[in-house]
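First comes the structure, then the notes that go with it.
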């Protein structure tokens, strides 16, 4: 599969670029395939490309001094990673690995930097993504300080719930009527992926999930979906208003 202007325009940050710029950028870009656990970006190395995820799922990871893997963030299809070097020309701060077989569009950082400096829209989108990443990693660090392990897991799940405020509001209206629906987390992380995000064992995460399932708060719907049946209780456990 060749990188085309149409493929590049499928990524939101590049969609508004002129056709001529997309054509030139496509000629300089390449399509890379990674097996599960393949290294997409190397920590400590000055990477020369920005990676746009077309298929699969990636995760930013680091390692503690004693060699334990720590999960930092996920990269979903349509998103990108490696953007920090655009701003400071420095090395990649963490590893990015493939959690599943993945297809990545590699775009040269030097050319993208030129485009960024000439396109306020691209610069703004990159800045917003970088700010969101910093906020997410700051929040992730705060989770590690929670002494209650079950609360950590519930917080991590609560972060993954889409449109939380709307979902809670919809649930409140449903309670007045007879209909009932659930909120779905698409492609939820595995127990192991959650474990390395929270610095706990996989077995610990599994035990918390079993408790949540037994209390009919969440329910697995195959490997591609996690159903949240009781949003209010999950929120209360995440905020420490209740103990699991």
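The values are calculated or read from the model by the stated rules, or taken from the named source; none is laboratory data. Predicted, not measured: the structure shown is a model, and the values here were computed from it. FYI the Cβ positions are ideal-geometry reconstructions off the backbone, even for glycines, and counts take in every protein chain you see.
Looking only at segment 34-47, decide whether some residue is outside any strand (DSSP E or B), modelled with pLDDT under 95 and closer than 19 Å to residue 126 by Cα. Checking segment 34-47: at least one residue is outside any strand (DSSP E or B), modelled with pLDDT under 95 and closer than 19 Å to residue 126 by Cα. A single entry from 91, 108 fulfils the requirement of being out of contact with any strand residue (DSSP E or B) (no Cβ under 8 Å at 6 or more places or on another chain), modelled with pLDDT of 90 or more and farther than 25 Å from residue 209 by Cα: 91.
Could you tell me whether segment 201-208 includes any residue that is buried (at least 18 other Cβ atoms within 10 Å of the Cβ) and at pLDDT 85 or above? Can you show your working first?
First pass over segment 201-208, keeping only residues buried (at least 18 other Cβ atoms within 10 Å of the Cβ): 205, 208.
After this cut, where a residue has to be at pLDDT 85 or above as well, the list is 205, 208.
Yes - at least one qualifying residue is present in segment 201-208.
Selection of segment 100-129 for residues being surrounded by fewer than 20 Cβ atoms within 10 Å (Cβ to Cβ), in contact with a helix residue (DSSP H, G or I) (Cβ under 7 Å, 6 or more places away or on another chain) and outside any helix (DSSP H, G or I) yields only 108. Of the residues making up segment 183-192, just one is out of contact with any helix residue (DSSP H, G or I) (no Cβ under 9 Å at 6 or more places or on another chain) and not in a strand (DSSP E or B), namely 187.
All conditions in (1) at pLDDT 90 or above; (2) in contact with a helix residue (DSSP H, G or I) (Cβ under 9 Å, 6 or more places away or on another chain) hold for residue 69, with the sole exception of (1). I'd like to check something: does segment 170-177 contain any residue that is touching a helix residue (DSSP H, G or I) at 6+ places or on another chain (Cβ under 8 Å), at pLDDT below 90, surrounded by 15 or more Cβ atoms within 10 Å (Cβ to Cβ) and part of a helix (DSSP H, G or I)? Yes: one or more hits.
Residues that are within 16 Å of residue 132 (Cβ to Cβ), surrounded by fewer than 20 Cβ atoms within 10 Å (Cβ to Cβ) and not assigned by TED's automatic domain parsing to the domain that holds residue 195 do occur in segment 49-72. Going through segment 11-34 one residue at a time, which ones are loosely packed, with under 15 Cβ neighbours inside 10 Å and out of contact with any strand residue (DSSP E or B) (no Cβ under 7 Å at 6 or more places or on another chain)? Result: 12, 15, 16, 18, 19, 20, 23, 27. Number of residues in segment 5-23 that are free of Cβ contacts under 8 Å to residues at least 40 places away in the same chain and either in a helix (DSSP H, G or I) or not assigned by TED's automatic domain parsing to the domain that holds residue 102 (or both): the value is 7. Only one entry of 37, 113 meets the criterion of being touching a residue at least 12 places away in the same chain (Cβ under 8 Å), within 28 Å of residue 201 (Cβ to Cβ) and not assigned by TED's automatic domain parsing to the domain that holds residue 199, and that entry is 37. With respect to residue 90, determine if the residue is outside the structural domain of residue 160 (by TED's automatic domain parsing) and crowded, with 20+ Cβ neighbours inside 10 Å. Against the criterion (outside the structural domain of residue 160 (by TED's automatic domain parsing) and crowded, with 20+ Cβ neighbours inside 10 Å), residue 90 does not qualify.
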